[in-house]
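> What follows is a structure written as structure tokens; I'll ask about it next.
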Amino acid sequence: METVENQYLLLTPGPLSTSRTVREAMLKDWCTWDDDYNKGIVEVIRQQLVALATAQDSYTCVLMQGSGTASVEATIGSVIPADGKLLVINNGAYGERIGQIAQYLNIAHHIVELGEVAQPDLQALETILAEDPAITHIAMVHCETTTGMLNPVAPVCELVKAHGKVMILDAMSSFGGIPLEIGELGIDFLISSANKCIQGVPGFGFVLAKQAELEQCQGRARSLTLDLYDQWQCMEKNHGKWRFTSPTHTVRAFHQALQELLVEGGVEARYARYHSNQQILVDGMERLGFRCLLDKSLHSPIITSFYSPAHPDYDFKTFYHLLKEKGFVIYPGKVSNADCFRIGNIGEVYNQDIHRLIDAIGSSMYWQHGAQGGTAAEMQEQQA
Ligand SMILES: *Cc1c(COP(=O)(O)O)cnc(C)c1O
């Protein structure tokens, strides 16, 4: 049998590096009809996700096929009534995407455009909410994976709750990796997916919902397959049954990944590991002369953006391939007005991996005199 070990570490925020045991959970085929799967796996996952999110018992969980965006679209499309209006806080590609979803679905919306390196201004939000009573729902991204920025979820939720509106949080890249008590914060809908901080493989997303809010969503969906209410009803009435084919292997892997999160010590322990990964990364990169895009006060432990070196010989692809050969896959930048690259530190990634990464980066800075290697042209030749 061929080796199943990974050839490189994915330093990308989903899909990310998973444990061997998570991948092994996918090696068998399982039926979806009986209690072993529905009650034994799906229902357990739903309960465990609620338990990770809050100690309050007023929440429920819906799993939804597709990549994370499908769960965002299912939520936006299923919870906002025909006469509702969505306020979107946009400071990156994922906030932008929520606005696009509203546009596609013909949902009345107002987008607060902040650019990509600024946080929402609470005073300005307060004014918008006060002046536009048509707004019923507010959507924000928790960790904006575009830059790695962590948005101020507590004060925004407080404001939204003070105005009696419904809060939707895209916590795709942070849920399970950053402690959050959604009941205390008053979050009504939180969206995340299998292949981020829970460290499963791609294939489905999930929505943690305040049950009283979800109960009001019957008949609101603008799509059959993405009807969040209907999917929830099916899971509730049939003990974990999905309406349409469920991604069984992915779900098995996710069930294993959740057990491993608990063994690690839960969200707090995982946060501590990601946080120290990020600190080691930033310290090491700064020692090598790289600069962070964001002010450190805005950083999340999930992913960090670095300015590309200004040297004319620097080329991302060449740098990327050198690192990949050494066992690390990094991420291109996603910011529109600055030349950057990104390094994630979530997944089955430990402090010693980041130390090894820093060494690998140090010996891959071919554009610098004295560094191992040669000119960019020579390097590209070697790659070819
Ligand atoms: C990953 C991610 C998504 C969803 O992306 P998919 O590619 O659809 O899985 C949405 N929002 C944020 C903040 C993300 O990091």
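The values are calculated or read from the model by the stated rules, or taken from the named source; none is laboratory data. Note that this is a predicted model, so its numbers are computed, not measured. Glycine also receives a Cβ, built like all others from the backbone with ideal geometry; neighbour counts cover every protein chain displayed.
> If you scan segment 238-265, which residues turn out to be assigned to a helix (DSSP H, G or I), within 18 Å of Ile41 (Cβ to Cβ) and not aliphatic (A, V, I, L, M)?
Step one: list which residues in segment 238-265 are assigned to a helix (DSSP H, G or I), which gives 248-264.
Adding the requirement that they be within 18 Å of Ile41 (Cβ to Cβ) leaves 248-263.
Thr248, His249, Thr250, Arg252, Phe254, His255, Gln256, Gln259, Glu260, listed by residue number.
> Considering (1) surrounded by fewer than 16 Cβ atoms within 10 Å (Cβ to Cβ); (2) in a helix (DSSP H, G or I); (3) in contact (Cβ under 8 Å) with a residue 60 or more places away in the chain; (4) over 22 Å from the mean Cα position of the chain (by Cα), say which one Glu268 fails and leave the rest.
(4)
> Of the residues that sit in segment 33-66 and are surrounded by 17 or more Cβ atoms within 10 Å (Cβ to Cβ) and in a loop (DSSP other than H, G, I, E, B), which one is farthest from the ligand (Cβ to nearest atom)?
Step one: list which residues in segment 33-66 are surrounded by 17 or more Cβ atoms within 10 Å (Cβ to Cβ), which gives 37-38, 41-43, 45-46, 48-50, 52-54, 59-66.
Imposing the further condition that a residue be in a loop (DSSP other than H, G, I, E, B) reduces the set to 54, 66.
On the way: Thr54: 20, Gly66: 8 Å.
The qualifying residue farthest from the ligand (Cβ to nearest atom) is Thr54.
> Which pairs have Cβ atoms under 8 Å, sit 6 or more apart or on different chains, and link a residue in segment 188-206 that is within 21 Å of Ala154 (Cα to Cα) to one that is assigned to a strand (DSSP E or B) and charged (D, E, K, R)?
Every condition considered, the pairs that remain are Asp188/Lys210; Phe189/Lys210; Ile191/Asp170.
> Return yes or no: is Ala162 out of contact with any helix residue (DSSP H, G or I) (no Cβ under 8 Å at 6 or more places or on another chain), without any contact (Cβ under 8 Å) to a residue 12 or more places away in the chain and hydrophobic (A, V, I, L, M, F, W, C)?
Values: out of contact with any helix residue (DSSP H, G or I) (no Cβ under 8 Å at 6 or more places or on another chain): yes; without any contact (Cβ under 8 Å) to a residue 12 or more places away in the chain: yes; hydrophobic (A, V, I, L, M, F, W, C): yes.
Yes; evaluated as a whole, the condition is true for this residue.
Quick grid of which residues meet (1) modelled with pLDDT of 95 or more; (2) of a type in the set (S, T, N, Q); (3) surrounded by 13 or more Cβ atoms within 10 Å (Cβ to Cβ); (4) within 15 Å of the ligand (Cβ to nearest atom):
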| site | (1), (2), (3), (4) |
| --- | --- |
| Asn106 | yes, yes, no, no |
| Leu122 | yes, no, yes, no |
| Leu129 | yes, no, yes, no |
| Pro133 | yes, no, no, no |
| Ile138 | yes, no, yes, no |
| Cys143 | yes, no, yes, yes |
| Thr146 | no, yes, yes, yes |
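> Evaluate the following for Gly176: is it surrounded by 24 or more Cβ atoms within 10 Å (Cβ to Cβ), under 18 Å from the mean Cα position of the chain (by Cα) and not aliphatic (A, V, I, L, M)? Quick ask: steps written out before the conclusion?
Working: surrounded by 24 or more Cβ atoms within 10 Å (Cβ to Cβ): yes; under 18 Å from the mean Cα position of the chain (by Cα): yes; not aliphatic (A, V, I, L, M): yes.
So Gly176 fits the description; yes.
> Continuing with this model, one more query. Does segment 334-346 include one or more residues that are at pLDDT 95 or above, polar (S, T, N, Q) and either buried (at least 16 other Cβ atoms within 10 Å of the Cβ) or within 25 Å of the chain's Cα centre (by Cα) (or both)?
No, because not a single residue in segment 334-346 is at pLDDT 95 or above, polar (S, T, N, Q) and either buried (at least 16 other Cβ atoms within 10 Å of the Cβ) or within 25 Å of the chain's Cα centre (by Cα) (or both).
> Return only the number of the condition from (1) part of a helix (DSSP H, G or I); (2) free of Cβ contacts under 8 Å to residues at least 40 places away in the same chain that Pro120 does not satisfy.
Evaluating Pro120 over (1) part of a helix (DSSP H, G or I); (2) free of Cβ contacts under 8 Å to residues at least 40 places away in the same chain leaves (1) as the failure.
> Okay, moving on. On the given criteria, is Val153 closer than 12 Å to Ile89 by Cα, within 15 Å of the ligand (Cβ to nearest atom), in contact with an Asp or Glu (Cβ under 8 Å, 6 or more places away or on another chain) and in contact (Cβ under 8 Å) with a residue 24 or more places away in the chain?
Details: closer than 12 Å to Ile89 by Cα: yes; within 15 Å of the ligand (Cβ to nearest atom): yes; in contact with an Asp or Glu (Cβ under 8 Å, 6 or more places away or on another chain): no; in contact (Cβ under 8 Å) with a residue 24 or more places away in the chain: yes.
The answer is no for Val153.
> Right, next: Restricting segment 282-309 to residues that are surrounded by 22 or more Cβ atoms within 10 Å (Cβ to Cβ) and polar (S, T, N, Q), which is nearest to Val335 (Cα to Cα)?
So the residue we want is Ser305.
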